[in-house]
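The values are calculated or read from the model by the stated rules, or taken from the named source; none is laboratory data. What you are looking at is a predicted structure, and each value in this text was computed from that prediction instead of being measured. Cβ atoms come from the backbone with ideal geometry, glycine included; neighbour counts cover every protein chain shown.
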Amino acid sequence: MNGQLIKELEEVGGEILPSNIRDCDEIVINQPSFTARIALWGGHLVSFTPTGQEDWLFQSENEGADNRFGRRHFGVPVCWPWFGAHDSESDYPSHGLARYFRWKLIEVGRFKNGDIKVVLRLRSEDHPLVEEMWQQPFELKLTFRLGEGFSVSLNAENMSDKPFTVSEAFHTYFRVSNNQKTLISGLGGVSYIDKIDNSGTKVQDGVVTPCDSMDRVYLNAPKLTEIHDKKLKRKFIVESKGSHSTVLWNPGEALAKMRTDIEDHEYKSFVCVETANALANSYVLEPGDSHKLKLSVSCESL
(Lines give C-alpha, C1' and ligand atoms only; values in the text may rest on other atoms or scores of the structure.)
Protein backbone atom coordinates (compact mmCIF):
# COMPACT_ATOMS: atom_id res chain seq x y z
CA MET A 1 0.00 0.00 0.00
CA ASN A 2 1.46 3.35 -1.00
CA GLY A 3 2.50 6.00 1.49
CA GLN A 4 0.00 8.59 0.24
CA LEU A 5 -2.94 6.29 1.00
CA ILE A 6 -1.57 5.59 4.48
CA LYS A 7 -1.24 9.35 5.08
CA GLU A 8 -4.80 10.00 3.86
CA LEU A 9 -6.10 7.22 6.08
CA GLU A 10 -4.30 8.67 9.11
CA GLU A 11 -5.83 12.09 8.37
CA VAL A 12 -9.34 10.66 8.88
CA GLY A 13 -8.39 8.84 12.08
CA GLY A 14 -7.72 5.52 10.40
CA GLU A 15 -5.02 2.88 10.43
CA ILE A 16 -4.33 -0.56 8.98
CA LEU A 17 -4.14 -3.30 11.61
CA PRO A 18 -3.59 -7.07 11.45
CA SER A 19 -6.77 -9.09 11.76
CA ASN A 20 -7.72 -12.69 12.50
CA ILE A 21 -10.16 -12.58 9.58
CA ARG A 22 -8.51 -14.90 7.05
CA ASP A 23 -5.10 -13.35 7.84
CA CYS A 24 -6.07 -10.13 6.03
CA ASP A 25 -5.52 -6.62 7.29
CA GLU A 26 -8.34 -4.49 8.60
CA ILE A 27 -9.03 -0.77 8.35
CA VAL A 28 -9.92 0.74 11.72
CA ILE A 29 -11.33 4.28 11.88
CA ASN A 30 -11.75 6.18 15.14
CA GLN A 31 -13.73 9.40 15.12
CA PRO A 32 -15.24 11.38 18.02
CA SER A 33 -18.71 10.31 16.89
CA PHE A 34 -18.09 6.67 15.88
CA THR A 35 -15.67 3.82 15.35
CA ALA A 36 -15.74 1.53 12.32
CA ARG A 37 -13.87 -1.51 11.02
CA ILE A 38 -13.57 -2.65 7.41
CA ALA A 39 -12.01 -6.03 6.59
CA LEU A 40 -10.03 -6.25 3.37
CA TRP A 41 -11.03 -9.92 3.24
CA GLY A 42 -14.33 -9.82 1.40
CA GLY A 43 -14.69 -6.05 1.68
CA HIS A 44 -16.84 -6.48 4.80
CA LEU A 45 -17.95 -3.53 6.86
CA VAL A 46 -17.34 -5.42 10.09
CA SER A 47 -18.48 -2.93 12.68
CA PHE A 48 -20.09 0.51 12.98
CA THR A 49 -20.44 1.83 16.52
CA PRO A 50 -21.64 5.38 17.21
CA THR A 51 -20.22 6.78 20.42
CA GLY A 52 -22.33 5.76 23.41
CA GLN A 53 -24.33 3.17 21.47
CA GLU A 54 -24.28 -0.58 20.89
CA ASP A 55 -22.65 -1.69 17.64
CA TRP A 56 -25.18 -1.52 14.81
CA LEU A 57 -23.77 -4.73 13.30
CA PHE A 58 -23.53 -8.28 14.59
CA GLN A 59 -20.33 -10.36 14.62
CA SER A 60 -20.44 -14.09 15.31
CA GLU A 61 -17.86 -15.51 17.70
CA ASN A 62 -17.59 -18.56 15.42
CA GLU A 63 -14.73 -18.27 12.92
CA GLY A 64 -16.22 -20.79 10.49
CA ALA A 65 -14.39 -23.51 8.59
CA ASP A 66 -10.67 -23.01 8.14
CA ASN A 67 -10.70 -22.91 4.35
CA ARG A 68 -10.97 -20.29 1.62
CA PHE A 69 -14.74 -20.60 1.29
CA GLY A 70 -15.62 -21.08 4.95
CA ARG A 71 -18.46 -18.68 5.76
CA ARG A 72 -18.44 -16.23 8.62
CA HIS A 73 -21.48 -14.41 9.88
CA PHE A 74 -20.84 -10.74 10.61
CA GLY A 75 -21.17 -7.19 9.39
CA VAL A 76 -22.11 -6.53 5.77
CA PRO A 77 -21.00 -9.38 3.48
CA VAL A 78 -21.06 -8.66 -0.27
CA CYS A 79 -22.84 -11.37 -2.27
CA TRP A 80 -21.92 -11.16 -5.98
CA PRO A 81 -22.30 -12.31 -8.81
CA TRP A 82 -24.74 -14.93 -7.55
CA PHE A 83 -26.96 -15.00 -4.50
CA GLY A 84 -27.40 -18.29 -2.65
CA ALA A 85 -26.08 -21.50 -4.19
CA HIS A 86 -24.60 -21.46 -7.68
CA ASP A 87 -27.22 -22.66 -10.16
CA SER A 88 -25.04 -25.35 -11.77
CA GLU A 89 -21.80 -25.87 -9.81
CA SER A 90 -22.48 -27.37 -6.38
CA ASP A 91 -18.86 -27.01 -5.23
CA TYR A 92 -18.75 -23.26 -5.87
CA PRO A 93 -19.04 -21.06 -2.76
CA SER A 94 -22.42 -19.90 -1.51
CA HIS A 95 -23.36 -16.29 -2.28
CA GLY A 96 -20.78 -15.68 -4.99
CA LEU A 97 -17.10 -14.81 -5.04
CA ALA A 98 -16.76 -11.27 -3.74
CA ARG A 99 -16.96 -12.11 -0.04
CA TYR A 100 -14.10 -14.63 -0.15
CA PHE A 101 -11.22 -12.66 -1.71
CA ARG A 102 -8.95 -9.84 -0.63
CA TRP A 103 -9.97 -6.38 -1.78
CA LYS A 104 -7.55 -3.47 -2.36
CA LEU A 105 -7.80 -0.06 -0.73
CA ILE A 106 -7.68 2.56 -3.51
CA GLU A 107 -9.07 5.79 -2.03
CA VAL A 108 -9.58 7.54 1.30
CA GLY A 109 -11.03 10.99 1.89
CA ARG A 110 -14.05 12.97 2.97
CA PHE A 111 -17.35 13.88 1.36
CA LYS A 112 -18.33 17.57 1.24
CA ASN A 113 -20.31 17.29 4.50
CA GLY A 114 -17.32 15.76 6.32
CA ASP A 115 -18.40 12.11 6.18
CA ILE A 116 -15.50 9.73 5.71
CA LYS A 117 -15.05 7.97 2.36
CA VAL A 118 -13.25 4.65 1.89
CA VAL A 119 -13.10 2.92 -1.49
CA LEU A 120 -12.03 -0.70 -2.11
CA ARG A 121 -11.59 -2.52 -5.43
CA LEU A 122 -11.78 -6.15 -6.54
CA ARG A 123 -10.72 -7.08 -10.08
CA SER A 124 -11.17 -10.58 -11.44
CA GLU A 125 -7.72 -10.45 -13.08
CA ASP A 126 -6.06 -10.02 -9.68
CA HIS A 127 -7.19 -13.46 -8.48
CA PRO A 128 -6.58 -16.53 -10.68
CA LEU A 129 -9.10 -18.60 -8.69
CA VAL A 130 -11.81 -16.04 -9.48
CA GLU A 131 -11.06 -16.41 -13.19
CA GLU A 132 -11.32 -20.19 -12.90
CA MET A 133 -14.88 -19.93 -11.58
CA TRP A 134 -16.03 -16.84 -13.49
CA GLN A 135 -14.42 -16.47 -16.91
CA GLN A 136 -15.78 -13.02 -17.83
CA PRO A 137 -13.66 -10.13 -16.56
CA PHE A 138 -15.20 -7.68 -14.11
CA GLU A 139 -14.29 -4.87 -11.75
CA LEU A 140 -16.05 -4.15 -8.46
CA LYS A 141 -15.73 -0.99 -6.39
CA LEU A 142 -17.07 -0.66 -2.86
CA THR A 143 -17.58 2.83 -1.48
CA PHE A 144 -18.18 3.22 2.25
CA ARG A 145 -19.63 6.47 3.60
CA LEU A 146 -19.31 6.79 7.38
CA GLY A 147 -20.81 9.56 9.49
CA GLU A 148 -24.01 9.82 11.53
CA GLY A 149 -25.01 6.58 9.77
CA PHE A 150 -23.36 4.55 7.07
CA SER A 151 -23.84 3.61 3.44
CA VAL A 152 -22.24 0.96 1.25
CA SER A 153 -22.29 1.22 -2.56
CA LEU A 154 -21.22 -1.57 -4.90
CA ASN A 155 -20.43 -0.57 -8.49
CA ALA A 156 -20.05 -3.62 -10.74
CA GLU A 157 -18.68 -3.30 -14.28
CA ASN A 158 -18.77 -6.00 -16.97
CA MET A 159 -15.35 -5.72 -18.62
CA SER A 160 -15.92 -8.64 -21.01
CA ASP A 161 -17.41 -8.76 -24.51
CA LYS A 162 -20.40 -10.89 -23.45
CA PRO A 163 -23.40 -10.22 -21.20
CA PHE A 164 -23.79 -12.06 -17.92
CA THR A 165 -26.58 -12.47 -15.37
CA VAL A 166 -26.15 -11.12 -11.86
CA SER A 167 -27.92 -11.78 -8.58
CA GLU A 168 -26.52 -9.98 -5.56
CA ALA A 169 -27.03 -8.71 -2.05
CA PHE A 170 -25.65 -6.82 0.90
CA HIS A 171 -26.26 -9.60 3.44
CA THR A 172 -26.38 -7.20 6.41
CA TYR A 173 -26.38 -8.62 9.95
CA PHE A 174 -28.17 -6.08 12.15
CA ARG A 175 -27.52 -6.47 15.86
CA VAL A 176 -30.73 -6.70 17.92
CA SER A 177 -31.38 -7.29 21.60
CA ASN A 178 -33.83 -10.16 21.04
CA ASN A 179 -35.01 -11.44 17.65
CA GLN A 180 -38.25 -12.68 19.21
CA LYS A 181 -39.27 -9.13 20.14
CA THR A 182 -37.85 -7.33 17.10
CA LEU A 183 -40.24 -6.26 14.37
CA ILE A 184 -39.67 -5.25 10.73
CA SER A 185 -42.02 -2.83 9.01
CA GLY A 186 -42.36 -1.65 5.43
CA LEU A 187 -43.04 -4.98 3.72
CA GLY A 188 -46.78 -5.25 4.28
CA GLY A 189 -48.61 -6.35 1.12
CA VAL A 190 -45.40 -7.43 -0.63
CA SER A 191 -45.15 -10.87 -2.24
CA TYR A 192 -42.33 -13.14 -1.11
CA ILE A 193 -40.84 -16.57 -1.68
CA ASP A 194 -40.51 -18.61 1.52
CA LYS A 195 -37.40 -20.75 1.04
CA ILE A 196 -37.95 -22.66 4.28
CA ASP A 197 -41.24 -24.35 3.52
CA ASN A 198 -41.07 -24.12 -0.31
CA SER A 199 -44.80 -23.39 -0.38
CA GLY A 200 -44.68 -20.94 -3.26
CA THR A 201 -45.45 -17.23 -3.22
CA LYS A 202 -46.97 -15.60 -0.13
CA VAL A 203 -48.04 -12.05 0.70
CA GLN A 204 -46.77 -10.31 3.83
CA ASP A 205 -49.55 -9.42 6.25
CA GLY A 206 -48.48 -6.38 8.27
CA VAL A 207 -45.18 -6.26 10.16
CA VAL A 208 -42.75 -9.17 10.45
CA THR A 209 -42.40 -10.44 14.03
CA PRO A 210 -40.90 -12.45 15.62
CA CYS A 211 -37.80 -12.32 13.39
CA ASP A 212 -37.06 -16.00 13.78
CA SER A 213 -36.56 -18.98 11.41
CA MET A 214 -36.82 -16.86 8.27
CA ASP A 215 -35.47 -17.25 4.75
CA ARG A 216 -37.67 -15.02 2.61
CA VAL A 217 -37.08 -13.22 -0.67
CA TYR A 218 -39.46 -10.28 -1.08
CA LEU A 219 -39.77 -9.49 -4.80
CA ASN A 220 -40.25 -5.98 -6.13
CA ALA A 221 -39.88 -4.73 -2.58
CA PRO A 222 -40.11 -1.08 -1.47
CA LYS A 223 -36.92 0.91 -1.01
CA LEU A 224 -37.43 1.60 2.69
CA THR A 225 -37.58 -0.91 5.56
CA GLU A 226 -37.45 -0.34 9.32
CA ILE A 227 -36.16 -2.57 12.13
CA HIS A 228 -37.69 -1.79 15.54
CA ASP A 229 -35.83 -2.85 18.69
CA LYS A 230 -37.78 -1.69 21.75
CA LYS A 231 -35.27 -2.98 24.33
CA LEU A 232 -32.37 -1.04 22.79
CA LYS A 233 -34.82 1.83 22.14
CA ARG A 234 -33.73 2.27 18.56
CA LYS A 235 -35.08 1.96 15.04
CA PHE A 236 -32.89 1.24 12.02
CA ILE A 237 -34.03 2.82 8.77
CA VAL A 238 -32.75 0.75 5.84
CA GLU A 239 -32.84 2.42 2.42
CA SER A 240 -31.98 0.61 -0.82
CA LYS A 241 -31.12 1.84 -4.31
CA GLY A 242 -30.48 -0.25 -7.43
CA SER A 243 -32.32 -3.03 -5.62
CA HIS A 244 -35.64 -4.76 -6.30
CA SER A 245 -35.55 -7.49 -3.62
CA THR A 246 -35.39 -7.51 0.15
CA VAL A 247 -34.25 -10.71 1.83
CA LEU A 248 -34.96 -11.56 5.49
CA TRP A 249 -32.92 -14.28 7.15
CA ASN A 250 -32.51 -15.73 10.61
CA PRO A 251 -31.71 -19.43 11.17
CA GLY A 252 -33.80 -19.87 14.31
CA GLU A 253 -32.91 -22.21 17.16
CA ALA A 254 -33.12 -25.57 15.38
CA LEU A 255 -31.03 -24.61 12.34
CA ALA A 256 -28.50 -22.69 14.45
CA LYS A 257 -27.82 -25.87 16.45
CA MET A 258 -27.29 -27.82 13.23
CA ARG A 259 -24.80 -25.35 11.77
CA THR A 260 -21.09 -25.49 12.51
CA ASP A 261 -20.39 -21.87 11.49
CA ILE A 262 -22.47 -20.10 14.14
CA GLU A 263 -22.85 -20.51 17.89
CA ASP A 264 -26.10 -22.11 19.11
CA HIS A 265 -27.38 -19.00 20.90
CA GLU A 266 -26.35 -16.32 18.45
CA TYR A 267 -29.48 -16.39 16.29
CA LYS A 268 -31.19 -14.39 19.04
CA SER A 269 -28.86 -11.41 18.55
CA PHE A 270 -29.31 -10.55 14.87
CA VAL A 271 -31.66 -10.28 11.96
CA CYS A 272 -30.50 -10.06 8.35
CA VAL A 273 -32.33 -7.48 6.25
CA GLU A 274 -30.68 -7.65 2.87
CA THR A 275 -30.60 -5.17 0.02
CA ALA A 276 -30.71 -7.49 -2.99
CA ASN A 277 -31.52 -8.45 -6.55
CA ALA A 278 -32.45 -12.12 -6.30
CA LEU A 279 -34.50 -14.82 -8.04
CA ALA A 280 -36.83 -13.09 -10.55
CA ASN A 281 -35.12 -9.77 -9.78
CA SER A 282 -31.77 -10.91 -11.18
CA TYR A 283 -30.58 -8.79 -14.10
CA VAL A 284 -28.34 -8.97 -17.18
CA LEU A 285 -25.21 -6.80 -17.22
CA GLU A 286 -24.23 -6.01 -20.81
CA PRO A 287 -20.59 -5.69 -22.00
CA GLY A 288 -19.09 -2.41 -20.83
CA ASP A 289 -22.09 -1.59 -18.63
CA SER A 290 -22.11 -1.13 -14.88
CA HIS A 291 -24.69 -1.35 -12.10
CA LYS A 292 -24.74 0.27 -8.67
CA LEU A 293 -26.30 -1.34 -5.60
CA LYS A 294 -26.53 0.91 -2.54
CA LEU A 295 -27.46 0.38 1.10
CA SER A 296 -27.94 3.32 3.48
CA VAL A 297 -28.59 2.88 7.21
CA SER A 298 -29.62 5.47 9.76
CA CYS A 299 -30.96 5.13 13.28
CA GLU A 300 -33.61 6.89 15.37
CA SER A 301 -34.54 6.58 19.02
CA LEU A 302 -37.77 4.84 19.99
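Among the criteria (1) of a type in the set (S, T, N, Q); (2) over 26 Å from Val152 (Cβ atoms); (3) out of contact with any Lys or Arg (no Cβ under 8 Å at 6 or more places or on another chain), the one Asn220 does not fulfil is (2). Within the stretch 289-299, being polar (S, T, N, Q) and over 16 Å from Phe150 (Cβ atoms) holds for one residue alone: Ser290.
Every test in (1) in contact with a Leu (Cβ under 6 Å, 6 or more places away or on another chain); (2) surrounded by 22 or more Cβ atoms within 10 Å (Cβ to Cβ); (3) under 18 Å from His291 (Cβ atoms) is passed by Ser167 save one, and that test is (1). Applying the criterion of being within 16 Å of the chain's Cα centre (by Cα), surrounded by 17 or more Cβ atoms within 10 Å (Cβ to Cβ) and of a type in the set (A, V, I, L, M, F, W, C) to the residues of the stretch 228-243, the residue that is nearest to Ala169 (Cα to Cα) is Val238. Checking Gly186, Gly206 one by one, the residue that is modelled with pLDDT of 95 or more and exposed (fewer than 14 other Cβ atoms within 10 Å of the Cβ) is Gly206 and no other. Residue count for the stretch 102-112 under the criterion of being part of a loop (DSSP other than H, G, I, E, B) and crowded, with 17+ Cβ neighbours inside 10 Å: the result is 1. Give all pairs with beta carbons closer than 8 Å in which a residue from the stretch 187-199 that is under 16 Å from Asn277 (Cβ atoms) meets a residue that is surrounded by 12 or more Cβ atoms within 10 Å (Cβ to Cβ) and of a type in the set (Gly, Ala, Ser); count only pairs at least 6 apart in sequence or on separate chains. Matching pairs, first to second residue: Val190/Ala221. Here the stretch 73-98 is the region considered, the condition is being surrounded by 22 or more Cβ atoms within 10 Å (Cβ to Cβ) and either among the basic types (Lys, Arg) or touching a helix residue (DSSP H, G or I) at 6+ places or on another chain (Cβ under 6 Å) (or both), and the residue that is farthest from Thr275 (Cα to Cα) is Leu97.
In the condition set (1) over 25 Å from Lys268 (Cβ atoms); (2) over 13 Å from the mean Cα position of the chain (by Cα), Glu63 is compliant with all but (1).
You will find that of Glu286, Glu274, the residue that is farther than 24 Å from Arg145 by Cβ, in contact with a strand residue (DSSP E or B) (Cβ under 7 Å, 6 or more places away or on another chain), of a type in the set (D, E, K, R) and at pLDDT 95 or above is Glu286 and no other.
Checked across the stretch 291-301, the condition of being in a strand (DSSP E or B), farther than 30 Å from Ser160 by Cβ, within 17 Å of the chain's Cα centre (by Cα) and not polar (S, T, N, Q) holds for at least one residue. Among residues of the stretch 248-268 that are surrounded by 14 or more Cβ atoms within 10 Å (Cβ to Cβ) and among the polar types (S, T, N, Q), those with a Cβ under 7 angstrom from a residue that is assigned to a helix (DSSP H, G or I) and modelled with pLDDT of 95 or more, sequence gap 6+ or separate chain, pair up as Asn250/Tyr267.
Can you give me the number of residues within the stretch 39-72 that are of a type outside the set (D, E, K, R), more than 14 Å from Phe101 (Cα to Cα) and out of contact with any Gly (no Cβ under 6 Å at 6 or more places or on another chain)? Qualifying residue count for the region: 13. Could you please let me know if Cys211 is part of a strand (DSSP E or B), on the phi < 0 side of the Ramachandran plot and more than 17 Å from the chain's Cα centre (by Cα)? Considered against the rule, which asks whether it is part of a strand (DSSP E or B), on the phi < 0 side of the Ramachandran plot and more than 17 Å from the chain's Cα centre (by Cα), Cys211 comes out as no.
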